[in-house]
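Note sheet for the following structure.
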């Protein structure tokens, strides 16, 4: 998988950077990390987790039985952690460049001669 990562992928990997999580926990964490802008549906999440597992970025950590149902916990792999660090650094540099340019920009003058 190459960078830049799509936002949902980035947020899933970010959520798993702290600790292994199950699907519903991931849905809640991604919503929180995105400040409510992104709400994953279960089908979307599990499709993404399958792709991330195929790319060796996440793996199944364990399965717990809760109320008679299997709850799968996923964790970030070393390769996933490396990719997340690289993407975070790429984004940090982009933000730094944009901030630098915005701070160097001369103040805008209002139309009509008012200053």
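The values are calculated or read from the model by the stated rules, or taken from the named source; none is laboratory data. Just so we're clear, the structure is a prediction, and the values are computed from it rather than from any experiment. Cβ: placed from backbone, ideal geometry, glycine included. Neighbour counts: every protein chain shown.
Here are the numbers for the structure shown:
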{"item": "The one condition in (1) in contact with a helix residue (DSSP H, G or I) (Cβ under 8 Å, 6 or more places away or on another chain); (2) touching a residue at least 40 places away in the same chain (Cβ under 8 Å); (3) crowded, with 17+ Cβ neighbours inside 10 Å; (4) farther than 19 Å from residue 79 by Cα that residue 48 fails to fulfil", "result": "(4)"}
{"item": "Pairs where the first residue, in the range 81-100, is over 15 Å from residue 7 (Cα atoms) and the second is outside any helix (DSSP H, G or I) and modelled with pLDDT under 95, C-beta under 6 Å, 6+ apart", "result": "none"}
